[in-house]
Structures are given as structure tokens and as C-alpha cells.
Amino acid sequence: MLFIVLPVMTREEKFMQEAVELSKKGMISKEGGPFGCVIVKDDIIVGRGNNKVTSTNDPTAHAEVVAIRDACKNLNSFQLEDCEIYTSCEPCPMCLGAIYWARPKVIYFANNRYDAAALGFDDSMLYEEMKCDIGERKIPLIAVGRVQALKVFEAWKSNDDKIEY
């Protein structure tokens, strides 16, 4: 009798497979680029997202941002404590920033930034821009109205009723 041993997927591979399927679904339905993401808490998917940049005309509608919004809505929280992020590609700088603000415990990714760059999704300019001083960036950053804006910051600082994050 011949037995065939099939490889068993780890839980991480199963969740990553869900993210990859979302990337495929979004690409096929022409919602955006080939990127997908799921957010998991206690072994349950609490947020899903695929890239919807071109279908929504929203440059921030990357899979990770869409999934973060979905998970936060479903969890009724602006933080993703004790959550895991599974994304079909290494997060771009914008998504990485959003992920850090959401504070999950871990990020898993499949394709890397170089795989994405080979398809035309090249974020290297953004990584380089972040290293530059403000005055050396390609898009000028010009400070205006700081005196008035600082008053709002001072009001926030002295507000005992604020919700910190």
C-alpha cells in the first residue's frame, strides 16, 4: 500500500493564502493592483482588503489600508492590538506607516519590494525621499501658519477629556 504524505500548511501559510487570493480577486475584477491583505486576531480574520486604487480613484486605497479600515470597523477600535497582518507583498512606506500607527503585533508578507518594483510598483523613490532633509525633497514642504496651529496643539495638550492614541 502506497501512502502519499501531503504537506500540511502552517496557520501562517493558510492566512497568507487568503491574502494572496484577495490579491488575485482584486486583480481579476480590475479593482486595482495585485495586492491583498488580511488581518487576524485570535485565529479569526477580522479585516480583509485588496488594492482598490484605480477603481476608487483613491491613491491611499492600498490593500493594507483597506484591510486596516475593515478590521478597525469590525473590532470597533482604532488600534489592532494582538492582531497579525498578512499581506501579499512587503508594505510600501505609506502602508508601513499606517500599520505602525495601528500597532499590530506582527507583519507577514509574501512578495518583496523588489518583486513589486519589477512589475512597475517601485517605491524606492519614497524610501530615498524619507532620508532627505525637508529642503531637499522632490515635492516642496513649506511651513505656513505655525503660530495658529500651535494654539490647537496647546489646547489638545491641556484637554483632560481627550482620547490618546
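Return yes when Y127 is at pLDDT below 95, in contact with a helix residue (DSSP H, G or I) (Cβ under 8 Å, 6 or more places away or on another chain) and open to solvent by less than 90 Å² (accessible area, probe 1.4 Å) and no when it is not.
On the way: at pLDDT below 95: yes; in contact with a helix residue (DSSP H, G or I) (Cβ under 8 Å, 6 or more places away or on another chain): yes; open to solvent by less than 90 Å² (accessible area, probe 1.4 Å): yes.
For Y127, the condition - at pLDDT below 95, in contact with a helix residue (DSSP H, G or I) (Cβ under 8 Å, 6 or more places away or on another chain) and open to solvent by less than 90 Å² (accessible area, probe 1.4 Å) - is met.
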inquiry  = Can you tell me which of (1) crowded, with 16+ Cβ neighbours inside 10 Å; (2) touching a residue at least 60 places away in the same chain (Cβ under 8 Å); (3) hydrophobic (A, V, I, L, M, F, W, C) is the one C37 doesn't meet?
reply    = (2)
query = If you check every pair at least six apart or on different chains, which have Cβ atoms under 8 Å apart with a residue in the stretch 93-120 that is within 21 Å of Q17 (Cβ to Cβ) and in contact (Cβ under 8 Å) with a residue 12 or more places away in the chain first and a residue that is in a helix (DSSP H, G or I) and aliphatic (A, V, I, L, M) second?
reply = C95/A63; C95/V65; I99/I68; I107/I99; Y108/M16; A110/M16; A110/A19; A110/V20
task = Restricting attention to the stretch 94-117, report how many residues are more than 9 Å from the chain's Cα centre (by Cα), of a type outside the set (A, V, I, L, M, F, W, C) and more than 21 Å from D42 (Cα to Cα).
result = 5
task = Evaluate the following for A19: is it under 23 Å from V106 (Cβ atoms), crowded, with 18+ Cβ neighbours inside 10 Å, at pLDDT 95 or above and in contact with a helix residue (DSSP H, G or I) (Cβ under 9 Å, 6 or more places away or on another chain)?
result = yes
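Here is a yes/no grid of residues against (1) without any contact (Cβ under 8 Å) to a residue 60 or more places away in the chain; (2) in contact with a helix residue (DSSP H, G or I) (Cβ under 7 Å, 6 or more places away or on another chain); (3) within 23 Å of L119 (Cα to Cα); (4) hydroxyl-bearing (S, T, Y):
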| position | (1), (2), (3), (4) |
| --- | --- |
| L2 | yes, no, no, no |
| F15 | no, no, no, no |
| T54 | yes, no, yes, yes |
| D58 | yes, no, yes, no |
| E64 | yes, yes, yes, no |
Residue check, A102 touching a helix residue (DSSP H, G or I) at 6+ places or on another chain (Cβ under 6 Å), over 23 Å from A117 (Cβ atoms) and at pLDDT 95 or above = yes
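The values are calculated or read from the model by the stated rules, or taken from the named source; none is laboratory data. Just so we're clear, the structure is a prediction, and the values are computed from it rather than from any experiment. Ideal geometry is used to build each Cβ from the backbone, glycine not excepted, and the neighbour counts take in all protein chains shown. Ligands, DNA and RNA are stripped out before the accessible areas are found, and what is left, the full protein with its side chains, is counted by its heavy atoms. Shrake-Rupley method; radii C 1.70, N 1.55, O 1.52, S 1.80 Å.
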